[in-house]
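Below is one structure, written out as structure tokens; comments come after it.
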Amino acid sequence: MREWLTVRDINPDTMKAISDGVLQHGRALSEARGGQAEAIACSLMENGALIGGASGRTEFRRLFVNYLWISAQWRGTRLGTQVLHKLEALAVERACVDALIETLDDDVARWYTRCGYRLIAHVPEYCGPWSRHTLLKVLVTTGAPSGLNSASHTEVGNY
């Protein structure tokens, strides 16, 4: 017998099963087309304490940046730029040619443009007062995907 459950009746294990099912389906679609996602990350420590880091995945010769974080006391010291560049360099070692990142923060989007990213999509008022920004950066000019003007982008190592 079928039974509808709503949010108050759904336990955390069921919620996780739903999200895991979506991720597994997406993985299967990607893998059927040659995708092989591999986690990528770097962290920065100061005297044994985590002060920043970034993580994401590489797939289809692209770095997908999921998270970039710097401890509040270290913000404004260019560590964010260093962490981002380190992650990009690791991606280049994996033969990635570009990097994709998203943010809801207008100021952070401007910061990414200063780091060599260009805005490729913008959804105003995506979530309340926040707009969604999708940015792309060409990491290497050799073998860049067609349609990208790689000459106008900064290569990793040329900061």
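The values are calculated or read from the model by the stated rules, or taken from the named source; none is laboratory data. The model shown is predicted, which means the values in this text are computed figures rather than measured ones. Every residue, glycine among them, receives a Cβ derived from its backbone with ideal geometry; neighbour counts consider all protein chains shown.
Observations on the structure shown:
- Among residues of segment 27-42 that are β-branched (V, I, T), those with a Cβ under 6 angstrom from a residue that is surrounded by 10 or more Cβ atoms within 10 Å (Cβ to Cβ) and part of a strand (DSSP E or B), sequence gap 6+ or separate chain, pair up as I40/G56; I40/T58.
- Residue, surrounded by the fewest Cβ atoms within 10 Å (Cβ to Cβ), within segment 112-141, restricted to residues that are in a loop (DSSP other than H, G, I, E, B) and in contact (Cβ under 8 Å) with a residue 12 or more places away in the chain: T141
- Listed by position, the strands (runs of 3 or more DSSP E) enclosed by segment 1-111 that each have at least 1 residues that are surrounded by fewer than 13 Cβ atoms within 10 Å (Cβ to Cβ) and of a type in the set (F, W, Y) are 62-70.
- Test: residue in segment 5-15 that is hydroxyl-bearing (S, T, Y), closer than 27 Å to C127 by Cβ and touching a His at 6+ places or on another chain (Cβ under 6 Å): no
- Residue within segment 56-68 that is touching a strand residue (DSSP E or B) at 6+ places or on another chain (Cβ under 6 Å) and over 24 Å from L23 (Cα atoms) present: no
- Residue among T103, T141 that is in contact with a helix residue (DSSP H, G or I) (Cβ under 6 Å, 6 or more places away or on another chain) and either at pLDDT below 95 or over 19 Å from Y67 (Cβ atoms) (or both): T141
- Exactly one residue out of L23, L68, L84, L44 is in contact with a Gly (Cβ under 9 Å, 6 or more places away or on another chain) and within 27 Å of H122 (Cα to Cα), and it is L68.
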